[in-house]
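The values are calculated or read from the model by the stated rules, or taken from the named source; none is laboratory data. Predicted model only: the values in this text are computed from it and were never measured. Please note: Cβ atoms are built from the backbone with ideal geometry, for glycine as well, and neighbour counts cover all protein chains shown.
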Amino acid sequence: MRSPKVTYNLESTPNKDGSRLIFLNINYGYKEFNPISGKTKYKPFRLSTQKRVDPKFWDFSVQDLKKAYSNSTGKTIKNRMEKYRSVSLTELDKFRDSNGRNPSPTELQKLVKIKLGTNEPDVIQFSLVDTIDSIIEKNESLTPTAKGKVGEKQIKKYRTVRNGLLLFEKSWEKDLVVNEFDNDMFHEYLDFVNEQYKLAGNPHGYMVNTISKTATTLVTLLRKIGKVKGVELGIDLTDDSLSIAEVSASDAEAYISESDLKKVVNCDTCGIQGFINAKNYIILCAMTSLRYHDMRHLHEVEVETVEYNGREFLGFDTLIRKPTNQSKKDFRTFIPVLQPAQRILEDNGGRFPKFPNNSSMNVQLKRFAKFAGLDKVFTVEKHYYKVAEPVVSLEPLHRLITCHIGRDSFVTNLSEIGVVPEVVVNISHPERAKTIMQKHYDKTPAIARAVQLLDELDRVEGKTELYRY
């Protein structure tokens, strides 16, 4: 049987004073069959010493306790660790001699605790799925402004991970418990959901960005679980491998050209509401540069006829809302209503139409784009989880179109007809366009930026059919 290897590590979740529990780990060759991969994996014995240490006294690059723990006053802790190590190895040898096999980590833990005579209670076996259910239920009971309350979008991610864990659990034919869900099982779970997606007819599995988001959500849940009193995590959340790096979006080169936009403007929707929604959405997002975060509020804006420096035009003031994971700061811009957008206003009683939710809108966009003949082909590189090289394919625009394609289309189309880039960016990214000095001292109103755009469109009038006022 394998000679045991002893290492030590600190608990990933700190106490209120910043100290962390020291854990003893022994790898002694115990193996467990993985029904998902069809392979066996090694499972170490892990035991809490019930002793805490300030991480500043711990060298994380060293696993030997005498070298890792540098505090000169740590003799008591080192004596405890040596006792736990000695007893654990002795009980391991005795079990091997009596039974002719390796004990499971759970069996060895019980024997060691009996020998040590500790009055520690047995580790409570918290179900991982049930604990996530409790987190979701608690969140639903909180008032909207309560500290720690998370939004429904995040709860939806929690439920997706929870459902995946339930299927993962069934494949093992045993309950997943918090203190046994370790770093290896974390990655096996990601592999499992990826393989399930392949079985559903997706030969390459999930995009790496999807798996990255799944990993992030699972880590978030495990951190919450680790804060529950009496719960002992089996995973080391300081492990960098738990974070899966994202890659650039696969459809980054796709946009709606002016010629394709003309197809949309002239397309008969046949009175189909989904087509009407998609047609209006494409025109408005490509004519305003707004992303879905702002398009879904477009029906709320007040369109007005304004006059600035002798120029009268139709326009509207709107927030540019930033996703919370990018920036907490929203800012405003003023956008002129160009001709195709004016016709939508006329058909809707002077207001912009209301659009469905993001996922529904994406479905409607793809169906309408195919119907309208948006077939321009783009070369796409897709990065899949655990696929070494990107998968290159040619995809028509109607497959790539999403709610967020409008800004790319606005900026690209105006750049191609020769509108000065600064004028374009002043509408699409008004805050980003400013230098540090301008952010402090430039008081030019947003409406003036809109007039600059109209003046530029007048200058390049012969180069565009649709971007006109």
Next on the checklist: Among the residues in region 354-364, are any more than 29 Å from Gln154 (Cα to Cα) and in a helix (DSSP H, G or I)?
Outcome noted: no
Checklist entry - For region 30-58, what are the residues that are in contact with a Phe, Trp or Tyr (Cβ under 7 Å, 6 or more places away or on another chain), surrounded by 15 or more Cβ atoms within 10 Å (Cβ to Cβ) and not β-branched (Val, Ile, Thr)? => result Tyr30, Lys43, Phe45, Arg46, Leu47, Ser48, Phe57, Trp58
Next on the checklist: Given the condition over 30 Å from the mean Cα position of the chain (by Cα) and of a type in the set (Gly, Ala, Ser), answer yes or no: does some residue in region 322-345 qualify?
Outcome noted: yes
Checklist outcome for this item: Within region 310-333, the residues that are at pLDDT 85 or above, more than 14 Å from Ala446 (Cβ to Cβ) and surrounded by 10 or more Cβ atoms within 10 Å (Cβ to Cβ) are Arg311, Leu314
Checklist entry - Do you know which residues across region 188-209 are under 17 Å from the mean Cα position of the chain (by Cα) and surrounded by fewer than 16 Cβ atoms within 10 Å (Cβ to Cβ)? => result none
Item to check | Candidates Phe313, Phe334, Phe410, filtered to the one that is closer than 15 Å to Cys285 by Cα and not in a helix (DSSP H, G or I) | outcome: Phe334
Checklist entry - Cβ-Cβ below 8 Å, separation at least six or inter-chain, first residue in region 375-391 and closer than 17 Å to Lys213 by Cα, second of a type in the set (Asp, Glu): which pairs? => result Lys386/Asp191
Checklist entry - Which of the residues spanning region 333-351 are in contact (Cβ under 8 Å) with a residue 60 or more places away in the chain and of a type in the set (S, T, N, Q)? => result Thr333, Gln339
Item to check | Top-ranked residue in region 217-232 [being among the aliphatic types (A, V, I, L, M) and in a helix (DSSP H, G or I); ranked as modelled with the lowest pLDDT] | outcome: Ile225
Next on the checklist: Return the pair list, or none, for Cβ contacts closer than 9 Å from residues in region 45-59 that are without any contact (Cβ under 8 Å) to a residue 24 or more places away in the chain to residues that are surrounded by fewer than 17 Cβ atoms within 10 Å (Cβ to Cβ) and basic (Lys, Arg), at least 6 apart or on different chains.
Outcome noted: Asp59/Lys67
Item to check | Leading residue by the ranking (surrounded by the most Cβ atoms within 10 Å (Cβ to Cβ)) among those in region 425-455 that are modelled with pLDDT of 90 or more and within 24 Å of Val264 (Cα to Cα) | outcome: Leu453
Checklist entry - In the set Asn266, Asn277, which member is out of contact with any helix residue (DSSP H, G or I) (no Cβ under 7 Å at 6 or more places or on another chain), at pLDDT 95 or above and assigned by TED's automatic domain parsing to the domain that holds Phe355? => result Asn266
